[in-house]
1. Identify, by number, the condition in (1) among the small types (Gly, Ala, Ser); (2) at pLDDT 90 or above; (3) buried (at least 17 other Cβ atoms within 10 Å of the Cβ) that B:Gly50 doesn't meet.
2. Among A:Ala554, A:Ala561, which is the only one that is facing chain B (nearest Cβ under 9 Å) and touching a strand residue (DSSP E or B) at 6+ places or on another chain (Cβ under 7 Å)?
3. If I ask for residues that are more than 22 Å from A:Tyr299 (Cα to Cα) and assigned to a helix (DSSP H, G or I), which ones from segment A:386-422 would you list?
4. Just for segment B:274-313: of the residues that are assigned to a strand (DSSP E or B) and in contact with a Ser or Thr (Cβ under 6 Å, 6 or more places away or on another chain), which one is nearest to the other protein chains (Cβ to nearest Cβ)?
5. Taking into account only those residues within segment B:202-235 that are more than 10 Å from chain A (Cβ to nearest Cβ) and in contact with a Phe, Trp or Tyr (Cβ under 7 Å, 6 or more places away or on another chain), which is farthest from A:Arg549 (Cα to Cα)?
6. Among the listed residues B:Glu320, B:Glu353, B:Glu324, B:Glu357, which satisfies the condition of being in contact with an Asp or Glu (Cβ under 8 Å, 6 or more places away or on another chain), of a type in the set (D, E, K, R) and not in a strand (DSSP E or B)?
7. What residue, of B:Gln314, B:Gln260, B:Gln256, is at pLDDT 95 or above and surrounded by fewer than 24 Cβ atoms within 10 Å (Cβ to Cβ)?
Amino acid sequence: MTELSHIRNFSIIAHIDHGKSTLADRFIQHCGGLSDREMESQVLDSMELERERGITIKAQSVTLMYQAQNGEEYQLNFIDTPGHVDFSYEVSRSLSACEGALLVVDAAQGVEAQSVANCYTAIEQGLEVLPLLNKMDLPQADPDTVKLEIEEIIGIEAEDACPVSAKTGLGIEDALEYLIKNIPAPEGDRAAPLQALIIDSWFDNYLGVVSLVRVTQGTLRKRDKFIVKSSGKQHQADMVGVFTPRRTETAALVAGEVGFIVAGIKDIKGAPVGDSLISVAHPDTPALPGFKKAKPQVYAGIFTVSSDDYEDFRDALGKLTLNDASLFYEPETSDALGFGFRCGFLGMLHMEIIQERLEREYNLDLITTAPTVIYEIVTKDDSVINVDNPSKLPDVGDIQEMREPIARCTILTPQEFLGNIITLCIDKRGSQVDLQYLGKQVQLIYDIPMAEVVLDFFDRLKSVSRGYASLDYGFHCFQAAPLSRLDVLINGDRVDALAVIVHRDHIQGRGRVLTEKMKELIPRQMFDVAIQAAVGGKIVARQTVKALRKNVTAKCYGGDATRKKKLLEKQKAGKKRMKQVGNVEIPQSAFLAVLQVDS
Amino acid sequence: MAKPCEHCATNLNASDIPLALYVHLPWCERKCPYCDFNSHEQFDSSLETGYIDALLTDLRQQLVSVGSRPLFSVFLGGGTPSLFSGASIARLLNGIDQIWSIGLTTEITMEANPGSAEASRFADYRSAGVNRLSLGIQSFADAQLMALGRVHDSAQAMQAIHLAKQHFDRFNLDIMHGLPGQKIETALDDLERAIDHSQGHVSWYQLTIEPNTTFWSRPPRLPNDDILTDIQDAGEARFLESGLTQYEVSAWASHQQMSQHNLNYWTFGDYIGIGAGAHGKITKENGSIIRTRRSRSPRDYLTGIAEGVPPHQQQLPQTELPVEFMLNALRLKNGVPASLFKANTGLELAVVEPQIEKLVANGLLSADTERIGTTDHGYRFLNDVVASFMDNGAR
């Protein structure tokens with residue numbers, strides 16, 4: 001058992017691409033957590049999806065034993081954090097298990113906005129933040145300017161920032177020494193009654209619920225009984241241990257440590273993230289402060305292509321919310337798509353990832369409708385309602401005022417892209433709050449409608465700044481705006497699942513581009529398919545998918561029949577992934593056509 | 001669709017279902033790049049005798065398990081049957097007649113190439129008993145014939161038609177359209193000449209690129225969908241003026257010239273298939289329906305026959321019967337009598353009632369309850385109509 005004074009719990013705060021995963025791999029390698037042969041690149045990004053996209057979505061931890069230069073052995077618990085702007089909520093969860101954080105900054109690119117926000121979260125939570133300059137092997141590395149930026153933008157001392165290159169291995173040992181000297185050891189009385197915080201929980205098909213916990217006081221041994229504080233339910237720890245990064249059983253988890261626990265909990269709601277585990281003998285032990293629930297910013301309906309999959313879909317969502325409390329869902333019924341769920345997401349990336357996880361891990365064919373933000377509607381009778389679904393918008397006649405959510409956006413960019421970015425912000429209906437020159441960069445603060453931010457703002461920002469600008473945003477306020485619902489009619493019938501809410505100035509443009517895009521996506525059918533965009537009763541744009549003129553196999557005699565039948569079966573299989581709305585077959589992609597509209 | 005019971009297949013009366021004979025002669029001088037039929041190069045006339053013996057053995061063997069039904073029609077297909085000499089064809093037809101007597105008016109069709117060597121044998125084929133020819137003209141344009149890899153040219157085509165007229169009352173001209181680089185005018189030129197020279201039967205069909213062909217691996221540049229449909233429309237209009245009636249998707253004829261043998265396929269009749277790669281469809285006396293298939297390679301076929309190997313057989317599951325029936329019957333311009341469904345599948349029409357109702361409601365099937373047939377609109381989208389009878393896809 002490692003003495004408290006020899007434990008260090010830390011996270012790494014870094015922007016995507018600034019090298020967090022590679023650095024983590026180096027740490028694991030240096031401490032011998034895995035043999036070289038086992039060293040699969042980016043060990044911690046274990047979800048298949050994470051590795052493919054090169055991003056971290058879920059918190060993961062690894063426990064490493066480090067032989068320090070002073071001859072003593074330290075237990076390092078590294079809790080990984082997601083780096084994408086959509087996942088700030090996950091970051092604060094990871095940080096709550098730590099006493100310190102390494103701020104990894106690309107020595108060539110400098111500080112970016114998401115890291116700033118995460119650093120503030122870390123500082124607020126009382127963590128020691130240690131700057132680390134990565135990619136020092138690059139010829140364009142400019143450590144002095146970047147140090148200055150760290151001091152000016154984030155406001156932490158950076159003179160002693162540790163220079164490393166995760167790629168070449170330069171400075172890795174120095175970084176580990178720097179870490180054990182400067183990050184405080186955890187505190188906690190190991191003899192006191194058990195108190196542990198659930199940082200993450202996920203469902204394993206063989207083990208049931210597995211939870212990642214930080215023990216703040218006391219000891220949790222294998223076979224100990226404990227209580228989940230919120231439910232009062234008693235469980236027995238079947239297995240406790242750490243990730244090295246392999247799942248490794250230990251005899252106990254003690255105060256100051258981070259590890260996993262399996263307690264035969266089958267109910268996916270049995271061990272919610274943010275809950276506390278306490279000793280059975282001392283049921284009055286107070287709960288630890290949990291996490292602020294993240295508020296979804298983007299809503300979309302998700303439906304199964306085949307209605308037979310509905311039950312499976314519901315179970316899958318249940319399992320996903322266990323370790324993704326930020327995912328919100330409630331049943332929704334659409335005239336066009338049948339039964340499904342209205343889901344709330346932290347952002348677009350979160351939405352894409354949830355859909356992909358549902359399709360991959362649960363083998364579901366899904367249709368996601370155009371995402372929308374939440375609107376505040378003041379009705380004629382002065383009541384205020386929230387609308388997260390365009391088709392639920394009250395009649396225009398009943399609306400006194402529509403208010404849209406405004407995001408406060410902090411953008412950090414090299415000066416040369418300032419003009420492009422200001423143009424983009426204005427284009428997205430933004431209003432400037434602040435502009436400051438800090439080091440080589442400019443910090444811009446804009447208030448921009450959330451709907452514009454979540455749609456494609458981040459991607460556009462990246463493209464107008466050649467990838468250099470960075471963004472952090474959060475909900476700021478609701479603001480009255482002239483908004484309308486843009487309906488889409490397919491062969492004259494309004495398709496509820498295709499409606500979007502747009503600013504009045506954008507009606508024409510959105511309507512036109514949306515119908516054009518849908519025309520490309522809907523295959524030719526037996527009859528003309530009219531695609532119309534309308535506001536109220538007024539058609540603002542129209543496109544027609546011309547009817548297929550024939551679909552007949554020319555020749556067919558006797559023994560041919562078998563072959564022709566196979567051909568038809570193939571044609572039919574191709575249509576399976578389409579949803580029939582009225583008589584019209586609409587492919588999944590068409591429901592998201594609005595996302596491909598950049599006007 | 002209601003699931004038909006596996007045990008009630010016996011309401012099929014096999015003896016009421018017409019039984020035809022298909023004979024496959026699997027050699028060609030040269031394989032055409034669009035052809036996915038079972039054909040083989042390197043023909044040698046020394047093969048004829050042995051192959052015909054095998055065909056007759058094949059027929060004897062298969063006929064035993066079918067029970068006694070009259071022979072409805074004979075079709076000699078290929079390959080290029082006209083590579084065989086008149087004497088060989090005579091020996092084949094005599095043999096068939098001895099095993100399974102051929103009636104005086106029984107239609108005996110033979111596919112023939114318009115090459116000069118083949119055309120010179122037309123008279124012999126006629127004396128051998130063939131009473132209908134199907135000529136693979138494909139086009140009257142030399143450039144197109146070359147692109148299609150055909151071994152004849154347009155002059156030979158004309159000569160072949162001339163000879164066919166001398167010796168046969170009934171013959172078909174096979175014409176393709178939608179050929180590489182073809183325009184509406186050139187397609188119509190071919191059709192015009194075919195109608196002019198026909199005896200009252202033209203098969204006019206669009207070139208399609210099938211898997212396992214040269215065109216599949218090296219696709220030619222075909223006209224786009226709109227041009228193809230324009231060709232189709234213009235061609236249909238031209239036929240209408242000509243007085244030939246469309247009776248099947250790709251077949252136009254005057255009444256007495258219609259192919260009895262092909263009509264039997266399209267009305268879901270039975271046929272025995274003999275020869276390398278030949279397919280058959282047989283309703284057994286117990287009411288089950290089987291598909292038979294012989295080895296594709298001539299060598300394997302000959303060995304198999306010598307060893308008395310029966311054809312590969314597969315019973316059609318009852319769930320597949322509706323789509324199999326419709327795949328054929330709906331190809332007929334006027335469809336079929338509704339009673340034929342039960343007569344030739346043994347299933348009650350009720351099993352397909354939901355699909356029929358939906359198709360009628362969508363204007364794709366005719367509302368006439370006495371017949372099963374498409375509307376003009378449904379005829380254009382026959383693949384979609386037929387696909388809705390697939391049991392795994394009904395929505």
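The values are calculated or read from the model by the stated rules, or taken from the named source; none is laboratory data. Predicted model, so just to flag it, every value in this text is computed and none were measured. Virtual Cβ from ideal backbone geometry, glycine too; neighbours counted across all protein chains shown.
1. Unmet for B:Gly50, out of (1) among the small types (Gly, Ala, Ser); (2) at pLDDT 90 or above; (3) buried (at least 17 other Cβ atoms within 10 Å of the Cβ): (3).
2. A:Ala554
3. Correct list: A:Gly397, A:Asp398, A:Gln415, A:Glu416, A:Phe417, A:Leu418, A:Gly419, A:Asn420, A:Ile421, A:Ile422.
4. Looking at residues that are assigned to a strand (DSSP E or B) and in contact with a Ser or Thr (Cβ under 6 Å, 6 or more places away or on another chain), I get B:Gly280.
5. Per the stated criteria, the residue is B:Thr213.
6. Of B:Glu320, B:Glu353, B:Glu324, B:Glu357, the one residue that is in contact with an Asp or Glu (Cβ under 8 Å, 6 or more places away or on another chain), of a type in the set (D, E, K, R) and not in a strand (DSSP E or B) is B:Glu320.
7. Answer to the selection: B:Gln260.
Each row is one residue, and each column tells you yes or no for (1) modelled with pLDDT under 95; (2) more than 27 Å from B:Arg218 (Cβ to Cβ).
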position: B:Asp124; (1), (2): no, yes
position: B:Ala128; (1), (2): no, yes
position: B:Ser134; (1), (2): no, yes
position: B:Gln144; (1), (2): yes, no
position: B:Gly149; (1), (2): yes, no
position: B:Asp189; (1), (2): no, no
position: B:Glu192; (1), (2): no, yes
